[in-house]
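The values are calculated or read from the model by the stated rules, or taken from the named source; none is laboratory data. As the structure is a prediction and not an experimental result, all values here were calculated from the model. When we count neighbours, we look across all protein chains shown, and the Cβ atoms used for this are built from the backbone with ideal geometry, even at glycine.
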Amino acid sequence: MRLPYQISTLLYCFNRRGEVLLLERAQEPNLGLWSPCGGKLRMDAGESPHACARREAAEEIGLELGPAELRLTGIVSEHGYQGQAHWLMFLFEVKRRLTVLPPPIREGRFAFFPRAQVARLPVPLTDREMIWPLFWRHRGGWFVAHCQTLPGQPGRHQWTLEDSRPSPRHRRASSSRQP
């Protein structure tokens, strides 16, 4: 499938209570759905994913971040997303905890949510299927995943976890359950 490639960053930000900051999108993609803030990489300017994440944090939530305040958590490639483009997304956790709710922006409005509530929100299908579960499992570690849209089956995806280092906390919990 010959489609353009889009490269973006997603920012996973938390407040001091451990609630995640999400944006209710007021425009496409994902109009009306809740997702982490972030944006497209400026490829024509040679912007790196890390620089894009820092720029998006400043533009969208008014947070000026130093290089050490971001941690790469995941890389997700999506083949043929909504039949419009291929996506390469870099997921960063912002280490600094937010103390205030950012004001609304052109892209939408923000709210904080506890982890349990995220599963009940209207979120993009690929986020619900795999990105959120992978993020939670790998928070403190990292992962690389690929999503293949199944031909002739809109909304159906085949996921491949290409590389994985679960968080140390998740590895300890998993090993303590082994027989």
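For the condition in contact with a His (Cβ under 7 Å, 6 or more places away or on another chain) and of a type in the set (Gly, Ala, Ser), what is the one hit in Ser77, Ser35?
None of the other options fit; the residue is Ser77.
On the given criteria, is Ser77 hydroxyl-bearing (Ser, Thr, Tyr) and under 20 Å from Met130 (Cβ atoms)?
Here the answer is yes, as Ser77 does meet what is asked.
Scan region 79-100 and tell me whether some residue there is free of Cβ contacts under 8 Å to residues at least 40 places away in the same chain, out of contact with any helix residue (DSSP H, G or I) (no Cβ under 8 Å at 6 or more places or on another chain) and either farther than 23 Å from His157 by Cβ or not in a strand (DSSP E or B) (or both).
yes
Tell me, which residue of region 34-48 that is out of contact with any helix residue (DSSP H, G or I) (no Cβ under 8 Å at 6 or more places or on another chain) and aliphatic (A, V, I, L, M) is farthest from Ala145 (Cα to Cα)?
Taking the candidates together, the pick is Ala45.
Whether any residue in region 38-53 is in contact with a Pro (Cβ under 9 Å, 6 or more places away or on another chain), touching a residue at least 40 places away in the same chain (Cβ under 8 Å) and surrounded by fewer than 18 Cβ atoms within 10 Å (Cβ to Cβ) is what I want to check.
Yes, the conditions are met somewhere in region 38-53.
Can you tell which of Gly38, Gly18, Gly32, Gly74 is assigned to a strand (DSSP E or B) and at positive phi?
Just one listed residue meets the conditions, Gly38.
One line per residue, one yes/no per condition, for (1) β-branched (Val, Ile, Thr); (2) crowded, with 20+ Cβ neighbours inside 10 Å:
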position: Arg55; (1), (2): no, no
position: Pro133; (1), (2): no, no
position: Val144; (1), (2): yes, no
position: Cys147; (1), (2): no, yes
position: Trp159; (1), (2): no, no
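Tell me which residues, restricted to region 57-78, are surrounded by fewer than 16 Cβ atoms within 10 Å (Cβ to Cβ) and without any contact (Cβ under 8 Å) to a residue 60 or more places away in the chain.
Within region 57-78, Ala58, Glu59, Gly62, Glu64, Gly66, Pro67, Ala68, Arg71 qualify.
Give me the pairs, please: first residue somewhere in region 113-127 and within 17 Å of Arg137 (Cα to Cα), second residue anywhere and surrounded by 12 or more Cβ atoms within 10 Å (Cβ to Cβ) and hydrophobic (A, V, I, L, M, F, W, C), beta-carbon distance under 6 Å, and either six or more positions apart or on two chains.
Thr126/Cys147
Is there a residue in region 49-56 that is in a loop (DSSP other than H, G, I, E, B), basic (Lys, Arg) and farther than 24 Å from Ala145 by Cα?
Within region 49-56, none of the residues are in a loop (DSSP other than H, G, I, E, B), basic (Lys, Arg) and farther than 24 Å from Ala145 by Cα.
Scan region 63-78 and tell me whether some residue there is touching a Pro at 6+ places or on another chain (Cβ under 9 Å) and closer than 14 Å to Leu10 by Cα. Quick ask: steps written out before the conclusion?
Taking region 63-78 and keeping what is touching a Pro at 6+ places or on another chain (Cβ under 9 Å), we get 63, 72, 75.
Cutting the leftovers down to closer than 14 Å to Leu10 by Cα gives us 72, 75.
Among the residues of region 63-78, at least one is touching a Pro at 6+ places or on another chain (Cβ under 9 Å) and closer than 14 Å to Leu10 by Cα, which makes the answer yes.
Considering only region 108-159, state which residues are modelled with pLDDT under 95 and among the polar types (S, T, N, Q).
Thr126, Gln148, Thr149, Gln153, Gln158
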